[in-house]
Amino acid sequence: MLKNAAKYFLFFVFYSVIGWLYEVFLEVVVYRWGFSNRGVLFGPYCVIYGFGALLLIFSLGGLQRRRIAIGKISVTPVLVFIGIVLIATAVELIGSYIMEAVKGEWLWDYRDYAFNFEGRIALNPSIRFGIGGMVFLYLLQPLFEKLAEKMPRPVLYTVSGVLAVIMAVDAVITFA
C-alpha cells in the first residue's frame with residue numbers, strides 16, 4: 001500500500017511538472033507572451049495536471065485495458081478519448097472555481113475561444129487535453145509504470161518523501 005502511494009505521488013509530481021512545461025511552452029513559444037509561472041504554487045508544477053492525470057489513470061485505466069469493438073473495429077481508443085475530454089474538461093471547470101475561491105481568479109481565460117463557458121472551459125483546449133491524454137495514457141504512463149516498478153523501495157520512498165516535503169513547504173509559503 002505504501003509503495004503504491006509513493007508511486008502514485010511520483011506520477012502526480014511528474015505530470016504536474018509536465019503540465020507546467022506544456023503551459024510555459026504554449027505561453028513562450030506558441031503565443032509569444034513571455035514567461036510567467038503558470039502554476040498556483042511557486043515551483044515548476046501545475047498541480048491541476050497531476051490531479052487530472054491521477055483521475056484519468058484511476059477512472060479510465062480499466063476501460064483502456066478492455067477491448068470494445070463494433071464488428072472487428074476496436075472502439076476502445078475512441079471511448080477513452082471521449083472519457084479524457086469529459087474528465088479533463090470537468091477538472092478544468094472545477095479547478096477554475098476552486099482557484100477563484102482561493103485566489104480570487106483562475107489562471108486561464110477562454111472567452112476568445114469558440115464554444116466556451118464563462119471563459120473557464122472551451123472546446124479547443126478540451127480537444128487538446130484529449131489528444132494529450134491519449135499520449136499520456138497510451139505512451140507515457142506505461143513507461144513510467146515500468147520505471148517506478150524498477151525503483152528500489154528505499155529510493156522510491158525517499159524521492160517521494162522529499163518531493164512531498166518540497167511541495168508542502170511550497171504550499172505553506174504560497175498560501176500563508
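The values are calculated or read from the model by the stated rules, or taken from the named source; none is laboratory data. A quick note: this is a predicted structure, and the numbers were derived from the prediction, not measured. In this analysis, Cβ positions are derived from the backbone assuming ideal geometry, glycine residues included, and neighbour counts consider all displayed protein chains.
Can you pull out every residue in region 149-176 that is exposed (fewer than 10 other Cβ atoms within 10 Å of the Cβ) and outside any helix (DSSP H, G or I)? The answer is 152, 176.
Inspect all residues belonging to region 48-71 and state whether any of them is of a type in the set (D, E, K, R), outside any loop (DSSP other than H, G, I, E, B) and surrounded by 15 or more Cβ atoms within 10 Å (Cβ to Cβ).
Checking region 48-71: not a single residue is of a type in the set (D, E, K, R), outside any loop (DSSP other than H, G, I, E, B) and surrounded by 15 or more Cβ atoms within 10 Å (Cβ to Cβ).
Picking from residues in region 35-67 that are modelled with pLDDT under 90 and of a type in the set (A, V, I, L, M), the one that is farthest from residue 96 (Cα to Cα) is 41. Could you tell me which numbered condition residue 108 fails, if it satisfies all but one of (1) part of a helix (DSSP H, G or I); (2) of a type outside the set (Asp, Glu); (3) surrounded by 15 or more Cβ atoms within 10 Å (Cβ to Cβ)? It is condition (1) that residue 108 fails. Would a scan of region 128-144 turn up a residue that is surrounded by fewer than 18 Cβ atoms within 10 Å (Cβ to Cβ), hydrophobic (A, V, I, L, M, F, W, C), over 20 Å from residue 14 (Cα atoms) and without any contact (Cβ under 8 Å) to a residue 12 or more places away in the chain? Within region 128-144, none of the residues are surrounded by fewer than 18 Cβ atoms within 10 Å (Cβ to Cβ), hydrophobic (A, V, I, L, M, F, W, C), over 20 Å from residue 14 (Cα atoms) and without any contact (Cβ under 8 Å) to a residue 12 or more places away in the chain. Only a single criterion out of (1) within 27 Å of residue 26 (Cα to Cα); (2) more than 16 Å from the chain's Cα centre (by Cα) is not satisfied by residue 55, namely (2).
Residues in region 119-134 that are outside any helix (DSSP H, G or I), at pLDDT 95 or above and out of contact with any helix residue (DSSP H, G or I) (no Cβ under 8 Å at 6 or more places or on another chain): 122 alone.
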